[in-house]
1. Can you give the accessible area of SER37, probe radius 1.4 Å, in Å² rounded to 10?
2. Using the alpha carbon gyration tensor of region 8-75, what are the three equivalent-ellipsoid semi-axes (square root of 5 times each eigenvalue), largest first, in whole Å?
3. For a quick size check, give me the Cα extents of region 1-125 along its three principal axes, largest first, whole Å.
4. Translational diffusion coefficient of the chain at 10 °C, 1.306 mPa s, Stokes-Einstein with Kirkwood Rh over Cα pairs, in µm²/s as a whole number.
5. Express in Å², to the nearest 10, the accessible area of ARG117 obtained by rolling a 1.4 Å probe over the protein heavy atoms while all chains stay in place.
6. Can you compute the FRET efficiency between ARG98 and SER37 using 1/(1 + (r/R0)^6), with r the Cβ-Cβ distance and R0 = 22 Å? Round to the nearest 0.05.
7. Quickly estimate the mean residue ellipticity at 222 nm for the chain, helices only: each DSSP H run with n ≥ 4 gives -39500 (n - 2.57), and the total goes over all residues, rounded to 500.
8. May I ask for the distance between the Cα centers of region 163-177 and region 132-147, given as a whole number of Å?
Amino acid sequence: MSAPRRSVLVTGGTRGIGREVVRLLAPSWRVLVGGRSEAAVAAVVAECPDAAGFVCDLADEDAVASTVAELELGASGLDAVVHSAGVVGYGSVEDTTRSDWRHVLELNVVAVSDLTRLLLPALRSAGGTVVVVNSGSGFNAGANGAVYAASKFAVRAWADSLRAEERGWVRVSSVHPGRVDTDMQRELQAAEGREYDPSIAMEVTSVARAIVFALEAPADAAVESLSIRPTSA
């Protein structure tokens, strides 16, 4: 009899890095595909041998709580969560409104923390792993990037605290990619006033493979922080 599949929840699992993580894990993991669109989630689930949907708006506290409760993880726990969902923010400090700050911080920090809080009992039961898809902006901030960088600095600090609190129970990894060829990168370059140039960005598979490496590290090792940069920039 073959061993049961490990289980992983991937937020933002219908696009970009999250979608590629799902593709790479699908042959050997049971994947819970996170997303806001029921149709988009269903399309990804249909392509996986063992998958289910996790459909909710991560900014909706009640929806997140009820969707987690419906998972009925039980004694088997949850082996991993990959926080890939997020939003970009671009603009000067002068032009960034209170609403902008709330929107970016809610999705990039508060939603990550709250979802993990709800999943911690299951993750502890499985001796699981939390992977936060951060950014190079989690280490450095520049002009017009205050709100996004602040959210990434904050979620890096959150991951550091969680790692210290859960050491010996749950592994916590922060993965910090530079520019990646995704829809978010297209949005960012458009905001910067340039035509899209994929040559300055990494392929999404390069980052997804690093995330899988963190997830599948041997039980006696933890990938705590990983920075991945394009070779051309």
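1. 60
2. 19, 14, 10
3. Extents along the principal axes: 62, 28, 21 Å.
4. Estimated diffusion coefficient is 88 µm²/s.
5. Accessible area of ARG117: about 130 Å².
6. Working: r = 28 Å, r/R0 = 1.28.
The pair ARG98/SER37 has a calculated efficiency of 0.20.
7. On the way: 8 runs with 96 residues, N = 233.
Calculated mean residue ellipticity at 222 nm is -13000 deg cm²/dmol.
8. 20
The values are calculated or read from the model by the stated rules, or taken from the named source; none is laboratory data. What you see is a predicted model; the values in this text were computed from it and never measured. Here the Cβ is made from the backbone with ideal geometry for all residues, glycine too, and neighbour counts use every protein chain on show. To get the accessible areas, we keep the full protein, side chains included, count just its heavy atoms, and leave off ligands, DNA and RNA. Shrake-Rupley method; radii C 1.70, N 1.55, O 1.52, S 1.80 Å.
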